[in-house]
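Below: the structure, in structure tokens.
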Amino acid sequence: QVQLVESGGGLVQAGGSLRLSCAASEPLDSGLYTMGWFRQAPGKEREFVAAVRWTDGSTYYADSAKGRFTISRDTAKNTVYLQMNSLKPEDTARYYCAAGVVIYVFRADYQYWGQGTQVTVSS
């Protein structure tokens, strides 16, 4: 059972930056894993933000994240990062890390989920 622990959320002003981290409790050795970030704002559905294929580092982004967010991974540390720049108030949400063997990275079909970390962007 892979456990995921997120960190790095907080309160930031619009235009600011945050870096989220998500550490997996064990190595994702299979190479088939994808790790992703989703977010959920109050009263809204959980939505895809970004994902990275563990084996080759291929990255995927939601349109809302392109050009502002960067996902990366450190395979030695079993950790995925989400660098968020030029933050907007509409980025305010709880951000969840996910890991799993998935076909469609943008769908919430991941097997493992973290507890989430809150990101609040003030205007």
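The values are calculated or read from the model by the stated rules, or taken from the named source; none is laboratory data. It should be emphasised that the depicted structure is a prediction, and the values quoted were computed from it without experimental measurement. Positions of Cβ are backbone-derived with ideal geometry, glycine not excepted, and every protein chain shown enters the neighbour counts. Note: areas computed on protein heavy atoms with side chains; ligands, DNA, RNA excluded. Shrake-Rupley method; radii C 1.70, N 1.55, O 1.52, S 1.80 Å.
Using the charge dipole of the chain (Lys, Arg: +1 at Cβ; Asp, Glu: -1 at Cβ; taken about the Cα centre), state which of GLY10, GLY114, THR70 has its Cα farthest towards the positive end.
It is GLY10, whose Cα lies furthest towards the positive end.
Roll a 1.4 Å probe over the protein chains and send me the accessible area per residue for the chain in Å².
52 Å²
Taking LYS44 as the anchor, which lysines have their alpha carbon closer than 30 Å to its alpha carbon, excluding any fewer than eight residues away along the same chain?
Reachable lysines: LYS66, LYS88.
For the chain, what is the charge dipole size about the Cα centre, in debye to the nearest 20, if Lys and Arg each add +1 at the Cβ and Asp and Glu each add -1 at the Cβ?
240 debye
Rounded to a whole number, what % of the accessible area of the chain do carbon and sulfur atoms account for, probe 1.4 Å?
Taking all protein chains in place, the chain shows 46 percent carbon and sulfur surface.
What distance in nm separates the two pseudo spin-label positions at ALA76 and GLN40, each 7 Å out from Cα along the beta-carbon direction?
Label-label distance for ALA76 and GLN40, simple model: 3.5 nm.
Using only the Cα atoms of the chain, build the gyration tensor, take square roots of its eigenvalues as a ≥ b ≥ c, and label the shape rounded, prolate or oblate: rounded if a/c is under 1.5, else prolate if a/b is larger than b/c, else oblate.
prolate
Would you mind calculating the gained length between ALA23 and LYS88 on full extension (0.36 nm times residue separation, minus the Cα-Cα distance), in nm to one decimal?
Full extension from ALA23 to LYS88 adds 20.8 nm.
Cβ neighbours within 10 Å, averaged per peptide: list 88-99, 66-77, 49-60 in order, most packed at the top.
The packing order, highest mean first, is 88-99, 49-60, 66-77.
Based on the Cβ-Cβ distance from LEU32 to GLN118, what FRET efficiency comes out when R0 is 41 Å, to the nearest 0.05?
0.85
How much length is gained on full extension from ASP109 to ASP63, taking 0.36 nm per residue of separation minus their Cα-Cα distance?
Extending this stretch completely gives an extra 14.6 nm.
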